[in-house]
Amino acid sequence: MTATTSRVNPNVSAATARAAAKAANENQPVTFGKALNTALADGLLADDSVVIFGEDVGTLGGVFRITDGLTARFGAQRCFDTPLAESGIVGMAVGMAINGMRPVIEMQFDAFAYPAFEQVASHVAKMRNRTQGKLSLPLVIRIPYAGGVGGVEHHCDSSEGYYAHTPGLKVFTPSCVEDAYLMLREAIDSDDPVVFFEPKKLYWSKEQVDLEQLARDYEAKKSAPTEGSARIARAGSDATLIAYGPSVSTALEAAKVAAEEGINLEVVDVRSIVPFDDETVCASVRKTGRAIVVAEAQGFASVASEIVARVQERCFHSLAAPVLRVTGFDIPYPAPTLEKYHLPSAERILDAVDQLQWEA
């Protein structure tokens, strides 16, 4: 048999060219969005009961292209468009989940989910308890959220507090490419409903991650579960920055600057807001004795407020200073020209670090 040659370079075989292209791709950094797209594809491959639907997720591939190519690959029965009716999307997902399917739905933008919140709070969150455990709802509600992309209100809200406050829901938000893949796979496999918040500003962020190996490890149950598990994003000893989703990268930026000034900050990535990992968060605070919670959402009655309360209750005798918050301000999301003042920045975090009563 004569080996075929590459149409690009006739001096090498087609097999060699494909191997070289594969090796080149393996060395390319992976975007956060690609990790989510791969997790959805692998979820569809692993379980025939998984279906994906929402506004523009089919032919267009989603407004952020997270479902790009899934309809072409798996067919319009597995990934399809719906009318512009968020309440109807969630209601249909409830019915499908009751009847044995695993719907994964997209809300397109954070505040677009508000018309569907009645369905989520009244039915999605309560079905298992209402039926004394006879009915579970294995469905995922994907919500692109938060700011940093020059959007306006209704497109940049941080609405995680509403869902975290509603018993019966799991609430996840990844902050890195590896977690984007693993946490979405876990959400799809969960037998209870998961509200999955995707930080929009991270969709185009890149990291060197081997998605194929990650998938093999997940299938072989070699990867550590992320549900209810915070991670140490940066080790430190002087104070703890507690963050999640889009705020983790800002906290890491602040920690890098602080290190140049001789202050060693630890950064804890919450990852799973519900269930919440008190053990990892409190172990860090007990070690450093100081803590700041960083989140884009408004501070009043927020997830950040809840974290401060839990740390105060559990770590009071280890604290050298009050636990502080750096959050968005208690206003509707501002115009794009003003969002840099509204969102927590490394500078605002460092100002809070200065307030941590460093005197002996």
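The values are calculated or read from the model by the stated rules, or taken from the named source; none is laboratory data. If you're wondering where the values come from, they're calculated on a predicted model, not measured in any experiment. Neighbour counts are summed over all protein chains in view; Cβ atoms, including those assigned to glycine, are modelled from backbone coordinates with ideal geometry. To get the accessible areas, we keep the full protein, side chains included, count just its heavy atoms, and leave off ligands, DNA and RNA. Shrake-Rupley method; radii C 1.70, N 1.55, O 1.52, S 1.80 Å.
Relative to the longest principal axis of the Cα atoms of the chain, the long axis of helix 278-288 makes an angle of roughly 50 degrees.
Applying Stokes-Einstein at 4 °C and 1.567 mPa s to the Kirkwood radius of segment 42-187, computed over alpha-carbon pairs, gives a translational diffusion coefficient of 82 µm² s⁻¹. Applying both filters, DSSP loop and at most 13 other Cβ atoms within 10 Å, to the chymotrypsin sites (Phe, Trp or Tyr not before Pro) of segment 162-205 gives Trp204.
Here, the chain yields an orientationally averaged convex hull projection of 22.1 nm² when only Cα atoms define the hull. Leu265 contributes about 0 Å² of solvent-accessible surface, heavy atoms of the protein only, 1.4 Å probe.
Run the numbers for Asp191 and Ile331: contour at 0.36 nm per residue of separation, minus the present Cα-Cα distance, in nm. It would help to have the intermediate numbers written out before the result.
Values: separation 140, 0.36 × 140 = 50.40 nm, distance 3.63 nm.
Extra length from Asp191 to Ile331 when fully extended: 46.8 nm.
Neighbours of Glu198 by Cβ distance under 12 Å: Lys/Arg scored +1, Asp/Glu scored -1, total -1. Where in segment 30-74 are there trypsin sites (Lys or Arg not before Pro) that are in a DSSP coil and have at most 11 other Cβ atoms within 10 angstrom of their Cβ? The qualifying sites: there are none.
Using square roots of five times the C-alpha gyration tensor eigenvalues, list the equivalent-ellipsoid semi-axes of segment 309-360 in whole Å, biggest first. Please report the intermediate quantities before stating the final value.
On the way: eigenvalues 160, 42, 7 Å².
For segment 309-360, the semi-axes come out at 28, 14, 6 Å.
Rounded to the nearest whole Hz, the Karplus-based 3J(HN,Hα) values (6.51 cos²θ - 1.76 cosθ + 1.60, θ = phi - 60°) of segment 175-189 follow the sequence 10, 9, 4, 4, 5, 4, 6, 5, 5, 6, 4, 5, 4, 5, 7, with x at glycine and proline.
Per residue, segment 241-360 exposes 45 Å² of solvent-accessible protein surface, assessed with a 1.4 angstrom probe and all protein chains in place. Accessible surface computed residue by residue for segment 163-239, with neighbouring protein chains in place and a 1.4 Å probe, gives 41 Å² per residue.
Based on alpha-carbon centroids, what's the gap between segment 74-134 and segment 332-360 in Å, whole number please? With segment 74-134 and segment 332-360 each reduced to a Cα centre, they are spaced 36 Å.
Accessible area of the chain with a 1.4 Å probe: how many percent of it is carbon plus sulfur? Write down the numbers at each step before the final one.
On the way: 8790 of 16400 Å².
That share works out to 54 percent.
Before anything else, pin down the relative contact order of the chain: Cα pairs under 8 Å, at least 6 apart, normalised by residue count, whole percent.
Details: 737 pairs, mean separation 51.1, N = 360.
Relative contact order of the chain: 14 percent.
Here is the list for segment 119-176: trypsin sites (Lys or Arg not before Pro) lying in DSSP coil, each with at most 13 other C-beta atoms within 10 angstrom of its C-beta, are Lys134.
When shorter helices are ignored and each DSSP H run of at least 4 residues is given -39500 (n - 2.57), the per-residue value for the chain at 222 nm works out to -10500 deg cm²/dmol. By the rule of a C-alpha distance below 18 Å, with chain neighbours fewer than 8 residues away ignored, the lysines paired with Lys34 are Lys22, Lys200, Lys201, Lys206.
Tell me the per residue accessible area of segment 22-81 using a 1.4 Å probe; a whole number in Å² is fine. Could you put the intermediate results ahead of the total?
Details: 2660 Å² over 60 residues.
In whole numbers, segment 22-81 has 44 Å² accessible per residue.
If you take the Cα centroid of segment 270-289 and the Cα centroid of segment 168-200, the two points sit 18 Å apart. For segment 146-163, the Karplus equation 6.51 cos²θ - 1.76 cosθ + 1.60, evaluated at θ = phi - 60°, returns couplings of 6, x, x, 10, x, x, 10, 4, 6, 10, 9, 5, 10, 9, 4, x, 4, 7 Hz by residue, with Gly and Pro reported as x.
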